[in-house]
1. Can you find, within segment 379-411, the residue that is nearest to residue 347 (Cα to Cα) among those that are charged (D, E, K, R) and not in a loop (DSSP other than H, G, I, E, B)?
2. Hey, any hits in segment 227-250 for a residue that's assigned by TED's automatic domain parsing to the domain that holds residue 299, in a helix (DSSP H, G or I), closer than 25 Å to residue 355 by Cβ and among the charged types (D, E, K, R)?
3. Only one of 374, 351 is free of Cβ contacts under 8 Å to residues at least 40 places away in the same chain, in the same structural domain as residue 258 (by TED's automatic domain parsing) and touching a Pro at 6+ places or on another chain (Cβ under 9 Å); which?
4. Might you check whether a residue that is surrounded by 17 or more Cβ atoms within 10 Å (Cβ to Cβ), in a helix (DSSP H, G or I) and not assigned by TED's automatic domain parsing to the domain that holds residue 389 occurs anywhere in segment 200-212?
5. Please determine, by comparing only the residues of segment 325-348 that are β-branched (Val, Ile, Thr) and outside any loop (DSSP other than H, G, I, E, B), which one is nearest to residue 378 (Cα to Cα).
6. If a residue counts only when it is within 25 Å of the chain's Cα centre (by Cα), which strands (runs of 3 or more DSSP E) contained entirely in segment 23-67 have at least 1 such residues?
7. Go through 292, 299 for me and flag whichever is assigned by TED's automatic domain parsing to the domain that holds residue 213 and in contact (Cβ under 8 Å) with a residue 12 or more places away in the chain.
8. Just checking, how many residues over segment 302-330 are of a type outside the set (A, V, I, L, M), touching a strand residue (DSSP E or B) at 6+ places or on another chain (Cβ under 8 Å), within 30 Å of residue 360 (Cα to Cα) and in contact (Cβ under 8 Å) with a residue 40 or more places away in the chain?
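The values are calculated or read from the model by the stated rules, or taken from the named source; none is laboratory data. These figures come from a predicted structure and were not determined experimentally. Neighbour counts run over all protein chains shown; Cβ positions are idealised from the backbone, glycine included.
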Amino acid sequence: MNDLIEVKVPDEQEGTKAVVRDWLKNPGDPVAVDDALVEIETDKVTQEIPSPATGTLEAILLESGSEALPGALLARIRVSSKREIQVGDDTVQAVQEGGQDLPPAAARHSPAVREAARLHGIDPAQVKGSGKDGRVTRMDMDAAIAGSGGARQEEPPQSLAEALESNEISPKAVPSAGSASRRVPHSTMRLAIADHMARSVATAPHVTAVFEADFSAIIRHRECNKEQLARQGISLSYTAYIVAASVAAMREVPEINGRWHDDCLEIFEAVNIGVGIALGDKGLIVPVIAEAQTLSLSAIAAKVQDLTNRARNNALSGSDVRGGTFTISNHGVSGSLLATPIVINQPQTAILGIGKLEKRVVVREIDGVDTIQIRPMAYVSLTIDHRAVDGYQTNRWMKHFVETLETWPSQ
């Protein structure tokens with residue numbers, strides 16, 4: 001006797017909008033319990049939806065590119081009465097799609113991966129997979145395609161006159177001289193980020209305060225302690241100090257760790273700090289250091305290291321990006337001195353920006369005498385939702401944040 005089991009989008013998902021990214025099985029394919037069926041992508045994380053049973057994929061009900069609302073029906077699996085299903089031997093022959101031979105071993109992969117292999121002539125077997133058990137995903141193929149310089153051409157290009165004569169392009173589509181361009185389709189993550197940022201600016205009046213911070217004290221402390229932590233496998237980054245100083249500033253001005261409601265300001269006891277991590281051309285992601293107010297500097301450093309590594313290997317889970325109450329954008333790592341306003345990660349109240357750390361000439365008073373010195377300095381900014389807090393709380397928070405960095409004990 002066979003029964004149908006429904007596969008649904010999880011009720012809880014992190015991100016503004018979820019989209020079906022890539023089906024990893026085709027209708028009629030045998031599946032086992034916990035086999036990855038499909039990738040669901042939001043602006044924050046990509047997750048694999050596993051098979052809840054052993055059987056055969058009966059039908060796909062949400063195609064790639066479709067919005068995946070919580071609880072929506074993704075697919076149906078026909079459960080076999082047998083305890084196991086014979087998937088077949090390890091030898092898989094390449095198949096033909098659209099009249100083109102796939103690269104060797106491509107048939108082992110999902111339809112989207114096989115299509116990318118066919119169009120771009122890249123063998124998935126030569127691509128390092130970031131999916132479960134090292135499986136190659138479409139995102140891995142996209143990265144490999146970008147690294148190879150783009151798609152191969154299956155046929156010699158037509159001349160413009162030939163294309164016009166064959167009606168393959170409209171005369172209106174012919175670019176004028178000097179207007180050569182190319183169009184890059186938006187990824188699901190890029191579209192979701194765009195929507196989230198636009199809604200944030202439309203929702204909250206953004207105001208930014210800019211201070212300057214001297215990093216001399218934390219540089220001394222780091223030099224004294226980084227080797228000891230390295231022996232424990234922990235990289236003591238500047239980000240760890242910035243997170244710790246943010247926690248200290250929250251104790252002084254807890255309103256910054258809050259959320260605006262129409263009838264109240266909700267102030268959180270837990271300081272859950274998200275740290276923006278760039279994913280190259282793919283966008284960015286903001287994993288969260290939960291309960292940062294309970295962590296030591298070394299524990300924060302270990303957490304930052306772990307989240308950063310897993311973010312860049314596409315190995316974050318939904319819980320890693322959920323529940324943030326404050327966000328840090330360390331935009332200076334890519335060279336910018338100042339970015340303003342940095343768009344608030346709604347529904348939070350504020351976002352901290354850290355500019356490039358560089359040596360600058362500054363004036364310091366020593367024994368009553370002004371002296372010119374060279375110090376490691378950075379511009380730091382706090383962009384706030386002006387509905388929730390005012391300049392007074394903003395400047396108090398920033399003053400305490402900067403003082404914490406500049407008076408860090410040397411040991």
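1. If we take residues in segment 379-411 being charged (D, E, K, R) and not in a loop (DSSP other than H, G, I, E, B), then 385 is nearest to residue 347 (Cα to Cα).
2. Of the residues in segment 227-250, the ones assigned by TED's automatic domain parsing to the domain that holds residue 299 are 227-250.
Among the residues that remain, those that are also in a helix (DSSP H, G or I) are: 227-230, 238-250.
When the remaining residues are screened for being closer than 25 Å to residue 355 by Cβ, the result is 238-250.
Next, from what is left, pick out any that are among the charged types (D, E, K, R): none.
No.
3. 351
4. Checked against the condition, which is being surrounded by 17 or more Cβ atoms within 10 Å (Cβ to Cβ), in a helix (DSSP H, G or I) and not assigned by TED's automatic domain parsing to the domain that holds residue 389, segment 200-212 yields at least one hit.
5. The selected residue is 333.
6. Working: elements: 36-41, 46-50, 55-60.
By residue number, 36-41, 46-50.
7. 292
8. Counting residues in segment 302-330 that are of a type outside the set (A, V, I, L, M), touching a strand residue (DSSP E or B) at 6+ places or on another chain (Cβ under 8 Å), within 30 Å of residue 360 (Cα to Cα) and in contact (Cβ under 8 Å) with a residue 40 or more places away in the chain gives 4.
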